[in-house]
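Asker: Pasting a structure here, questions to come.
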Amino acid sequence: MVISRRSTSLLVLAVCLALPPDTSEAAVRRGARAPDIGARTLSGAPATRLADYTGRMLLIEFFGTGCPHCQTLTGRMNAIHDRYRTRGLMVLGATPDTAERARRFQRQFGIRHGMVTVPLGTLREYGVTSYPLCVLVSPAGRVLWRGKLERLTNRVIDAYLSRVKLLPLDPDPESRVGALLRQGRFGDADKLLEMDRTCEGLTTERCNFVHAALTWIRWYIETSLAAAAADEQRGDWYGAWLTYDQLAGTFANQAPGQDAAARRAALLQDPGRKREIDAWRALT
């Protein structure tokens, strides 16, 4: 189903009236920071944030419950979920339709992956002009790939999974470190992990996890800083500011956080950049 202002379909027209022309193509280009999704679960639970998926690769499918093409591709989405759910890829269907319609769609087509409802503003930010549209998001929250589901073959997914670094899962589901990592509190987790770096008194499994988690946190910091620097080079001041701000908060009172805070402050010293950043902040 193509979302077009020229469509004679009343349903499509209603959606289009709420969606301005696509001006966000640049915002969802490869390497850009993925916009937050502002989603809600079908039960109406509090909003799901993109940050909740940090450390995992995320496939978002924007779809409409009345879209015939989306309906025919539900089997492919389920197959991706089944094949990759234990390999660090999360699958999320996102629709601007009501939760009631989404639940009916879920039951009718036997959807096994996660589903959420999103505001029309999310579709604008991701440049959604037709259904379905898929976006792959890296463990560090950056856009890896954007396009039609038919082009997202297993070979493509395997290639991206081989290039990214996934956050290791804590073998102890009750551990404090595991809880901090799941909450995205990487700075606090890093402090506890450093205390166990020597692995004294730890099992081999635990020791391997500690070192893998420390390696991932270093990768996350380096990747985020490099991506923010690339944002600055492209003139995406707000994207860079967001990354620096997140790192400054996550690693407060630690060297990475202090470095990010200094870079954030440097951005705001330029009046033009500050005006742009403040304008975007006012919209969120």
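Asker: Quick one: which of LEU214, LEU225, LEU202 is in contact with a helix residue (DSSP H, G or I) (Cβ under 8 Å, 6 or more places away or on another chain) and at pLDDT 95 or above?
Answerer: After ruling out the rest, the residue left standing is LEU214.
Asker: Tell me, please, whether a residue that is in contact (Cβ under 8 Å) with a residue 24 or more places away in the chain, farther than 23 Å from TRP216 by Cβ and open to solvent by 60 Å² or more (accessible area, probe 1.4 Å) can be found in the stretch 111-122.
Answerer: Checked against the condition, which is being in contact (Cβ under 8 Å) with a residue 24 or more places away in the chain, farther than 23 Å from TRP216 by Cβ and open to solvent by 60 Å² or more (accessible area, probe 1.4 Å), the stretch 111-122 yields at least one hit.
Asker: Another question, then. Return the only residue of ALA262, ALA282 being open to solvent by 40 Å² or more (accessible area, probe 1.4 Å) and modelled with pLDDT of 95 or more.
Answerer: ALA262
Asker: Answer yes or no as to whether ALA79 is in a helix (DSSP H, G or I) and under 9 Å from the mean Cα position of the chain (by Cα).
Answerer: Answer is no for this residue.
Asker: Specify which of the listed residues (GLY64, GLY93, GLY55) is touching a Phe, Trp or Tyr at 6+ places or on another chain (Cβ under 9 Å), surrounded by 17 or more Cβ atoms within 10 Å (Cβ to Cβ) and modelled with pLDDT under 90.
Answerer: That would be GLY55, the only listed residue that is touching a Phe, Trp or Tyr at 6+ places or on another chain (Cβ under 9 Å), surrounded by 17 or more Cβ atoms within 10 Å (Cβ to Cβ) and modelled with pLDDT under 90.
Per-residue answers, yes or no, for (1) part of a loop (DSSP other than H, G, I, E, B); (2) charged (D, E, K, R); (3) touching a helix residue (DSSP H, G or I) at 6+ places or on another chain (Cβ under 8 Å); (4) more than 10 Å from GLU61 (Cα to Cα):
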position: LEU123; (1), (2), (3), (4): no, no, no, yes
position: GLY127; (1), (2), (3), (4): yes, no, yes, yes
position: CYS134; (1), (2), (3), (4): no, no, yes, no
position: ALA140; (1), (2), (3), (4): yes, no, yes, yes
position: TRP145; (1), (2), (3), (4): no, no, yes, yes
position: ARG155; (1), (2), (3), (4): no, yes, no, yes
position: ASP158; (1), (2), (3), (4): no, yes, no, yes
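Asker: Still on this model: Output yes when any residue across the stretch 229-240 is of a type in the set (Ser, Thr, Tyr) and within 19 Å of ARG56 (Cα to Cα), and no when none is.
Answerer: no
Asker: So which residues in the stretch 67-90 are in contact with a Phe, Trp or Tyr (Cβ under 7 Å, 6 or more places away or on another chain) and of a type in the set (S, T, N, Q), if there are any at all?
Answerer: If the condition is that a residue be in contact with a Phe, Trp or Tyr (Cβ under 7 Å, 6 or more places away or on another chain) and of a type in the set (S, T, N, Q), then GLN71, THR74 are the ones that fit.
Asker: Restricting the search to the stretch 238-284, which residues are over 21 Å from ILE217 (Cα atoms) and either among the β-branched types (Val, Ile, Thr) or not in a helix (DSSP H, G or I) (or both)?
Answerer: GLN269, ASP270, ILE277, THR284
Asker: Then there is this: Are there any pairs, at least 6 apart or on different chains, whose C-beta atoms fall under 6 Å, with the first in the stretch 143-161 and within 14 Å of ARG30 (Cβ to Cβ) and the second open to solvent by 50 Å² or more (accessible area, probe 1.4 Å) and of a type outside the set (Gly, Ala, Ser), and if so, which?
Answerer: From the stretch 143-161, the pairs are VAL143/ARG30.
Asker: Of everything in the stretch 82-110, what is assigned to a helix (DSSP H, G or I) and either basic (Lys, Arg) or touching a residue at least 60 places away in the same chain (Cβ under 8 Å) (or both)? Give them in sequence order.
Answerer: Once the filter is applied, which keeps residues that are assigned to a helix (DSSP H, G or I) and either basic (Lys, Arg) or touching a residue at least 60 places away in the same chain (Cβ under 8 Å) (or both), the stretch 82-110 yields ARG83, TYR84, ARG101, ALA102, ARG103, ARG104, GLN106, ARG107.
Asker: Sticking with this one: Looking at TRP145 and the list (1) more than 22 Å from ARG49 (Cα to Cα); (2) aromatic (Phe, Trp, Tyr); (3) open to solvent by 30 Å² or more (accessible area, probe 1.4 Å), which single condition is not satisfied?
Answerer: Among (1) more than 22 Å from ARG49 (Cα to Cα); (2) aromatic (Phe, Trp, Tyr); (3) open to solvent by 30 Å² or more (accessible area, probe 1.4 Å), the lone unmet condition for TRP145 is (1).
Asker: Can you find a residue that is at pLDDT 90 or above, of a type in the set (Lys, Arg), closer than 27 Å to ARG163 by Cα and open to solvent by 40 Å² or more (accessible area, probe 1.4 Å) anywhere in the stretch 25-33?
Answerer: no
The values are calculated or read from the model by the stated rules, or taken from the named source; none is laboratory data. No experiment lies behind these values; they were computed from the predicted model shown. In this analysis, Cβ positions are derived from the backbone assuming ideal geometry, glycine residues included, and neighbour counts consider all displayed protein chains. Keep in mind that these areas ignore ligands, DNA and RNA; they rest on the heavy atoms of the full protein, side chains included. Shrake-Rupley method; radii C 1.70, N 1.55, O 1.52, S 1.80 Å.
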